[in-house]
Amino acid sequence: MAAKKNAAMSFNQSVEQYFDKAAAVTKYSKGLLDQIKACNSVYQMRFPVKIGNNFHVVEAYRVQHSHHKTPCKGGIRYSEHVNQDEVMALASLMTYKCAIVDVPFGGAKGGIKINPRKYTSNQLQKITRRYTTELIKKNFIGPAIDVPAPDYGTGGREMAWILDTYLTFSPSNIDAYGCVTGKPVTQSGIRGRVEATGRGVFYGTREAVSNKQDMKALGLEPGIEGKTVVVQGLGNVGYHSARIFQEHGAVLVGLAEYEGAILDPTGKGFDIDKVMKHRAKTGSILDYPGATNIEDSAKCLEIKCDILIPAALERVIHDGNAKKVKAKIIAEAANGPITAEAEEILLKKNIMIIPDVYLNAGGVTVSYFEWLKNLSHVRFGRMDRRYHQSASNDMLNVIERLSGSPATKGEREKVVKGADEIDIVRSGLEDTMINAYRPIREVWKRNKSVHDLRTSAFAVAIDKVATAYLELGIFP
Ligand code: GLU
């Protein structure tokens, strides 16, 4: 389907266009596709918060895009740019994301239109608690209804405030801790949630770049090692992505934050933790020793590299700069970093785009694990870690006796161990990202009218949501 030639397409229209392009290669009726595409519930609210002697009217949203599975799931962002169109787009992406990684939730998203940097921690707490109360009043939050999580501008601290507010109103609900995810580990959160999106970006990209044939088409060798990488945005997602790529031998040639970007002239690559320390000390990534400064942060998107990771906000690659992108692969860690108009330009340039709906699903995947933990009221590994440890110890003893040669200390340490919560979370996440990539690639390669991974990812998602609706019997 040809793209609409409309330069002013909104974020939600962009997502709808991606949907329509993929819907055209599926077999479902228009009515069913319309139902899948539509946002089911949009709650726009305004509430007063007293800051000093003044009342501030706060504008906020919660959008539940799909109820084909419940609860609904998705983060809450705090940003001055929050608006209804944006929250609707992000909620829609959550539905497709959950479907792709087989997380049994409908999509949702929330947003509060504030710049969190302009408020004190106490003021943010007031706003967060009032927002949660508004959600409770309209039955828009709960472990079986709608489960928020962190997004841009929020983190464990805000999730703990949401939890405490919810608990105050539902003290007898034994599952109340599952009303929100991304909580601090000490507040019934799960180990590995903070790094989850970044780690998922790594696993997903590693999967995509492991295919010889696909890499040959880009003029690249398979594997992460030695690949040059640029990361835009060093918040939670960008930082952990950069750290894990570096750990696996990627070369960080460019890093960007909103104050500017830095370029590595040595070819050896940056050490992300040293750059973060420099930023914490000086307040900026600029002037990092030995680095070349790029004052205009957006220019980092134009640096020559193998893999460009936009990990900040949506719509950073648009029809104004898409032509100048020199990366061979764009790994979408952020939600919606490429506009529909830009995507057409990038695809013509033979750039491989690993789409957000698949690639940044690690966050919600581990949120799902956290929710499961909260509903089962037990930490993963608690019941069986020691059992598996002693079973593998017994097994190794038998092997040693039968073979007559003892294992080295290192070998024994590697083999004899039971899995802790963090091990289970990481292996569950890795398995999820590997398994989810296969059908996406298959649709891309097998269907002659599918030319890119985003269209195939959306087609996979539509298929799963449509199947759920058909099985529910709503569309006989
Ligand atoms: N905000 C994250 C996202 O966009 C995580 C959502 C969640 O964990 O529910 O995927």
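Per-structure values
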item	result
Filter result for G362 (touching a helix residue (DSSP H, G or I) at 6+ places or on another chain (Cβ under 7 Å), within 16 Å of the ligand (Cβ to nearest atom) and not basic (K, R))	yes
Residue that is farthest from I36 (Cα to Cα) [pool: residues in region 93-150 that are of a type in the set (S, T, N, Q) and in contact with a helix residue (DSSP H, G or I) (Cβ under 9 Å, 6 or more places away or on another chain)]	S121
Where a residue in region 422-446 is farther than 30 Å from R382 by Cα and its partner, wherever it lies, is modelled with pLDDT under 95 and surrounded by 14 or more Cβ atoms within 10 Å (Cβ to Cβ), with Cβ under 9 Å and at least six apart	none
In region 323-335, the residues that are over 17 Å from T228 (Cα atoms), in contact (Cβ under 8 Å) with a residue 40 or more places away in the chain and open to solvent by 10 Å² or more (accessible area, probe 1.4 Å)	N335
Selected residue (criterion: farthest from Y258 (Cα to Cα)) from residues of region 141-157 that are more than 10 Å from the ligand (Cβ to nearest atom) and among the β-branched types (V, I, T)	I145
Selection status of V251, open to solvent by 10 Å² or more (accessible area, probe 1.4 Å) and of a type in the set (A, V, I, L, M)	yes
Complete set of residues in region 370-388 that are surrounded by fewer than 24 Cβ atoms within 10 Å (Cβ to Cβ), among the hydrophobic types (A, V, I, L, M, F, W, C) and touching a residue at least 12 places away in the same chain (Cβ under 8 Å)	L375, F380
Residue that is nearest to the ligand (Cβ to nearest atom) [pool: residues in region 170-188 that are under 16 Å from G363 (Cα atoms) and small (G, A, S)]	G182
Matching residues in region 58-94 - criterion: being within 11 Å of the ligand (Cβ to nearest atom) and not in a strand (DSSP E or B)	P71, L90, A91, L93, M94
Those residues of region 440-465 which are of a type in the set (K, R) and under 24 Å from the mean Cα position of the chain (by Cα), in sequence order	R441, R454, K464
Odd one out for N54, checked against (1) modelled with pLDDT of 95 or more; (2) open to solvent by 40 Å² or more (accessible area, probe 1.4 Å)	(1)
Which numbered condition N397 fails, given (1) assigned to a helix (DSSP H, G or I); (2) open to solvent by less than 30 Å² (accessible area, probe 1.4 Å); (3) more than 16 Å from the ligand (Cβ to nearest atom)	(2)
Top-ranked residue in region 412-456 [being in contact with a helix residue (DSSP H, G or I) (Cβ under 7 Å, 6 or more places away or on another chain), aliphatic (A, V, I, L, M) and closer than 18 Å to V201 by Cα; ranked as most open to solvent (accessible area, probe 1.4 Å)]	I434
Residue selected from region 102-119 under the condition open to solvent by 10 Å² or more (accessible area, probe 1.4 Å) and outside any helix (DSSP H, G or I), by the criterion farthest from the ligand (Cβ to nearest atom)	Y119
Elements of type helices (runs of 4 or more DSSP H) contained in region 177-251, each with 3 or more residues being in contact (Cβ under 8 Å) with a residue 24 or more places away in the chain and under 17 Å from the mean Cα position of the chain (by Cα)	193-209, 236-247
Scan of region 131-140 for residues that are surrounded by fewer than 18 Cβ atoms within 10 Å (Cβ to Cβ) and either among the basic types (K, R) or within 23 Å of the chain's Cα centre (by Cα) (or both), ordered by number	K137, K138
Per-region count, region 295-317, residues over 13 Å from the mean Cα position of the chain (by Cα) and not in a loop (DSSP other than H, G, I, E, B)	9
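The values are calculated or read from the model by the stated rules, or taken from the named source; none is laboratory data. Note that the coordinates shown come from a computational prediction; the quantities given were computed from them, not determined experimentally. Don't worry about glycine lacking a Cβ; one is built from the backbone with ideal geometry, like all the others, and counts go over all protein chains shown. Accessible surface is based on the protein model in full, side chains and every heavy atom, while ligands, DNA and RNA are left aside. Shrake-Rupley method; radii C 1.70, N 1.55, O 1.52, S 1.80 Å.
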